[in-house]
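First comes the structure, then the notes that go with it.
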Amino acid sequence: MGKRLPPLMREAVAEFSSTFILLIFGAGSVAQMVLSEWKFGNFFSVNFSWGIGVAIGCYWAGGVSGAHMNPAVTLAFAVVRRLPWRKVPVYWTAQMLGAFVASACVYGVYYDALNAFDGGVRQIMGPKGTAGIWATYPQPYLSTWNGLGDQVLGSALLVGCVFAIIDKNNNSPDKGVTPIMIGLVVFVIGATFGFNCGYAINPARDLGPRVFTAVAGWGWGVFTAANNWSWVPVVGCLLGGVLGALIYIGLIEMHHDSEDDRETGYDLERIVITTPDFKAQANDIGNGNLAFGDGIPMAST
């Protein structure tokens, strides 16, 4: 039997794999819709595919890394002291690579369809624009600041709902159902806030594929198109993720009653300023995350 990977490397591989799963289904659904000129896909099928991609990604990596698949989720967990800061760059790198590789796979599968659609001339936007298969771009009417607010709100809803779903002192679902619920959150965000700019709600889901399109034929204009839109899904999602976590903790989690010696009724000040005391599971899997693990305490004074 081969030697097992070190704990942090296992978590990195899990984040890579789960983000790959998310993007392969999500971007694949958009490619099928766009390249078939909406004959084999629509906005519902795209939203459904992104939601299912998240759910399946959670099943792939939930017990190993927490299946963040999203730098905004990772940052939020670190800010509230549920993930060691040293893991943040590792998770972010793995997520970006997973998104990039999945984008390349979708491109390879649909290469001939792309050429049939645009005649081999890659265009970012417009009637024959295909860069939006991979990264998000705003509607012509959308201002940068309105778009930033869109991304902050969408990401805050995502992360706040994730914190609610995994809160074991609230009405959390069974462990095996949790991925489905998180996938449904992504689905409903797309169904309600997808029109303005494609509801990235995930910097890796947007930036990784955008980098791929830059090197795969669309050029570096993917970063400057739509009034330099490319920074909005990154900054907005990171800000929104942290905001969503803090709102849930401040409004709900810190007000739980303490019972049965469980650590509840968290103090937001303790979450933000104290030194975390992370405890790994018996097999070291899921070290430093709360999403699907047991027994990882909050910081204590």
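Things to note:
- When the P(r) is computed for segment 91-250, the part past 28 Å accounts for 26% of the Cα-Cα pairs.
- Solvent-accessible surface ranking, highest first, for E15, E37 at 1.4 angstrom: E37, E15
- Accessible surface of segment 105-218 [probe 1.4 Å, protein heavy atoms]: carbon and sulfur percent: 65
- Computed E for V101/V215 - FRET, C-beta separation, R0 22 angstrom, nearest 0.05: 0.95
- Cβ-derived FRET efficiency at R0 51 Å, K3 paired with I247, nearest 0.05: 0.75
- Separation between Cα centres of segment 22-79 and segment 158-204, rounded to whole Å: 11
- Accessible area, probe 1.4 Å, largest first, for residues F223, F193: F193, F223
- Accessible surface of segment 1-89, 1.4 Å probe: 72 percent of it comes from carbon and sulfur atoms.
- Protein-only accessible surface at a 1.4 angstrom probe places the residues D257, D167 in the order D257, D167, largest first.
- Accessible area per residue in Å² at 1.4 Å probe, computed on segment 1-124: 43
- Relative contact order, percent, segment 136-249 [alpha-carbon distance under 8 Å, six or more residues apart]: 47
- Note on I24: accessible area approximately 40 square angstrom, rounded to 10, probe 1.4 Å, nucleic acids and ligands left out.
- In plain terms, the chain from N228 to V88 could stretch by 47.8 nm, reckoned as 0.36 nm per residue minus the Cα-Cα distance.
- Average Cα contact separation per residue, segment 52-137, under 8 Å, 6 or more apart, as relative contact order %: 13
The values are calculated or read from the model by the stated rules, or taken from the named source; none is laboratory data. From a predicted model like this one, the values you see are computed outputs, not experimental measurements. Heads up, the Cβs are rebuilt from the backbone with ideal geometry, glycines too, and the neighbour counts pull from every protein chain shown. These accessible areas exclude ligands, DNA and RNA; they are computed on the full protein's heavy atoms, side chains included. Shrake-Rupley method; radii C 1.70, N 1.55, O 1.52, S 1.80 Å.
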